[in-house]
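Right, one structure below, let's go through it.
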Amino acid sequence: GEIKEWEGPMAEVHSTIQSLDEEGKTRPTLLGSVPDMGEKAALEALSAAEKAFDRGQGVWPTLPVRERIKCLETFVEKMKAQREIVSTLLMWEICKTRADSYKEFDRTITYITDTIDAYKKLDRKSARFEKESGIHAHIRRSPIGVVLCLGPYNYPLNETFCLLIPAILIGNTTIFKPAKLGILLITPLLEAFKESFPPGVVNIIFGRGRSIASPIMSTGKIDVLALIGHSSSAVALQDQHPNKNKLRLALGLEAKNPAIILPDADLDIAVEECISGSLSYNGQRCTALKILYVHEDIVEEFNKRFARAVDRLTYGMPWEKDAFLTPLPEPSKPAYIRGLVDDALQHGAKILNEKGGKVSKNYCYPAVLYPVNKEMAVYHEEQFGPVVPIVSFKNISEPLDDIAESNYGQQVSIFGKDTVSIGPLVDILANLVCRINLNSACQRGPDVYPFTGRKNSAVATLSVFDALRTFSIRTFVAAKDN
Ligand code: G3H
């Protein structure tokens, strides 16, 4: 919306990468600052969003589709000009590698243009008249109202925009609160938002969730809660809404995606995919492989190769060439991961790789743990970090029962060659999770495929096509054939 000069308190944003001072002590690097908004400013943002929607009669939902698309296209062009600074801030703020930071930026641009194309198709398709029993129907997709968008720190640009872009394209108005880390990288885009959209369509609020998102929810004026992150945040926000049964949800939540490695698996492929699947961006991805079930006939050989491959991974600063493992941006994460490792060791697991489990400041070298069993916290918890638990199995019913009992149901990876035995396995897994990856790691992309999950892993589907449906209501005009 309209950018006002902020006169209130400011919050400093430091790099999560610590540098050393003259005495060799670590100190955070100040990168910049953002407004530390409170309840009053947050409620002003809500009023601006409500005004622009104006119960469906506002400037944005009544704007012809082609005009809304033009606004988005203008925004994309302006955003492209900020590629360098936004990608650099991704490296500094959340320690994503250089290659992955640029990838996140470029993927976001593609996501926006693909969503525009998908909307044009949807609009053309819905413009067709249908005729049934003498009734002509013109079916369309209409906006819902005001959407509160909150993205996660691991994809602070891409995943927030996966909520925001389809929501506004459909004609909703939005309030967008950046993630707890990865805040400053939104600031180079503020002018682009301001110059591309009418006031009130995109309202960006900075500050602590409790002091800015909670008062907004408490008004009961939010129609859609769109959040990718932890279910505890989603539940807390829903609970604040006085009429939460009427609140539409678009949620991408936790997962504990398993890989099942069958006795006839190609171990080169399985090791390579499980390395990237479990440890890219240090395992801080909801789609990461978070537990590996390996058949007992091959577990020894798999473990040897996997542990060796983990020790070959290079650690470095995000901007350094060849860095694969990087510091962890959440200050409490290394101690949490080390706690999981210690708990597993106490219950009989071993660290298989030489460098495994070393922790210092915000550095944490991945530990490969084996044999892992149900007594250990790492068997159940979504570690969201660099630790890889391995479980061996004799009968396929063992991993299947675990997946069926799990609170999560996003994806699974299967490694094996025998399509005759994999076929029925796929049929069962399709009833337990939402995506089955054959001989490849779990992932969200390509973004045209549905991104969702069963049980506590998701509510609604987010993808280029599905998100347009998630943020809209199907309405139609019916005319009698008389
Ligand atoms: O953190 C969850 C993300 O949706 C993971 O996305 O599989 O593209 O890394 P990705």
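A few notes on this one:
- Selection count where residues are more than 13 Å from the ligand (Cβ to nearest atom), in a loop (DSSP other than H, G, I, E, B) and not polar (S, T, N, Q), scope segment 449-482: 5
- Single condition LYS333 does not satisfy, out of (1) closer than 23 Å to TRP92 by Cα; (2) of a type in the set (D, E, K, R); (3) surrounded by fewer than 16 Cβ atoms within 10 Å (Cβ to Cβ): (3)
- Which numbered condition ILE414 fails, given (1) within 16 Å of the ligand (Cβ to nearest atom); (2) in a strand (DSSP E or B); (3) among the β-branched types (Val, Ile, Thr): (1)
- A search for C-beta distances below 6 Å between a residue of segment 153-169 that is under 16 Å from LEU189 (Cα atoms) and any residue that is part of a helix (DSSP H, G or I) and modelled with pLDDT of 95 or more, counting only pairs 6+ apart in sequence or on different chains, returns LEU157/GLU104; LEU157/THR108; ASN158/GLU104; ASN158/ARG107; ASN158/THR108; PHE161/THR108; ILE165/ILE112; ILE165/THR115.
- Among residues of segment 173-193 that are at positive phi, those with a beta-carbon under 8 Å from a residue that is of a type outside the set (Gly, Ala, Ser) and open to solvent by 10 Å² or more (accessible area, probe 1.4 Å) at least six positions away or on a different chain give the pairs GLY182/LEU89; GLY182/TYR153.
- Of the strands (runs of 3 or more DSSP E) contained entirely in segment 221-327, those carrying at least 2 residues that are open to solvent by less than 10 Å² (accessible area, probe 1.4 Å), touching a strand residue (DSSP E or B) at 6+ places or on another chain (Cβ under 6 Å) and more than 16 Å from the ligand (Cβ to nearest atom) fall at 224-228, 257-261, 289-295.
- When segment 358-390 is filtered for residues that are more than 19 Å from GLU254 (Cβ to Cβ) and not in a loop (DSSP other than H, G, I, E, B), the ones remaining, listed by number, are VAL359, SER360, TYR363, CYS364, ALA367, VAL368, LEU369, TYR370, ILE390.
- Single residue of ALA45, ALA118 found to be open to solvent by less than 10 Å² (accessible area, probe 1.4 Å), more than 16 Å from the ligand (Cβ to nearest atom) and not basic (Lys, Arg): ALA118
- The one condition in (1) open to solvent by 50 Å² or more (accessible area, probe 1.4 Å); (2) modelled with pLDDT of 95 or more; (3) not in a helix (DSSP H, G or I) that ARG141 fails to fulfil: (2)
- Selection of segment 172-197 for residues being part of a loop (DSSP other than H, G, I, E, B) and buried (at least 17 other Cβ atoms within 10 Å of the Cβ) yields ASN172, PRO178, ALA179, LEU181, GLY182, ILE183, PHE197.
- Odd one out for ALA344, checked against (1) over 18 Å from SER440 (Cα atoms); (2) within 16 Å of the ligand (Cβ to nearest atom); (3) crowded, with 22+ Cβ neighbours inside 10 Å: (2)
- Of all residues assigned to segment 261-270, at least one qualifies as being touching a Leu at 6+ places or on another chain (Cβ under 7 Å) and over 25 Å from TYR102 (Cα atoms).
- Residue in segment 105-113 that is free of Cβ contacts under 8 Å to residues at least 24 places away in the same chain and open to solvent by less than 10 Å² (accessible area, probe 1.4 Å) present: no
The values are calculated or read from the model by the stated rules, or taken from the named source; none is laboratory data. Please read these numbers as outputs of a predicted model, since none were measured by experiment. Cβ coordinates were reconstructed from backbone atoms using ideal geometry, including for glycine residues, and neighbour counts include every protein chain displayed. SASA here: full protein model, heavy atoms, side chains in, ligands and nucleic acids out. Shrake-Rupley method; radii C 1.70, N 1.55, O 1.52, S 1.80 Å.
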